[in-house]
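Here's the structure, in structure tokens; my notes come after.
Just so it is clear, none of the values below were taken in a lab; they were calculated from the coordinates. Because the structure is a prediction, the values reported are computed rather than measured. All Cβ positions, even for glycine, are placed from backbone atoms using ideal geometry, and neighbour counts span all protein chains on display.
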Amino acid sequence: MNPNYSPAQQKIYSDYSSKTDEQLLEILKSENKYLGSVIDIVSDILNDRSALPEDRKENYNKEKENNENSLDSLLGESYREEARNNMVYGGIIGAIGITVTLVTYFAAYNGGIYVIAWGAIITGVYKFFKGLSDYAG
């Protein structure tokens, strides 16, 4: 497996690497039914197994150079966008939880019941740090 694969590419690689060479070659024959990233990774798997047909090897090397940068940037960009969204939504959810907790606490200051919105706080913190971790790589 290529160490530069994004998490999405790693998932595709692990899903398709369990298939036989014949199944992978069938996928290459019907490439219009699959995403380009799947075809590229299937070609990588077959190339690693030295089972890539000769007529595909020439195109494989040329396409690999051209597609690698654009595919990585496209998948990396959407992955980073999802990570940013997790950080934003996690921060909002956590802030709402803290706000509810503080408002009800101060309303019940002279005696009464207040709410600790621990579910929203924990969910927000988890989502924020998961997004931060994913964004960092």
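Annotations
- Sorted ascending by nearby beta carbons within 10 Å, beginning with the fewest, Asp48, Asp40 become Asp48, Asp40.
- Label-point gap, in nm, between Lys29 and Ile122 - each point 7 angstrom along Cα→Cβ: 5.4
- Computed from backbone phi, the HN-Hα couplings of segment 7-13 come to x, 5, 5, 4, 5, 4, 4 Hz, rounded to whole numbers (Karplus: 6.51 cos²θ - 1.76 cosθ + 1.60, θ = phi - 60°; Gly and Pro given as x).
- Above-threshold pairs, the threshold being 29 Å between Cα atoms, out of Lys19/Lys127; Lys19/Lys130; Lys11/Lys33: Lys19/Lys127; Lys19/Lys130
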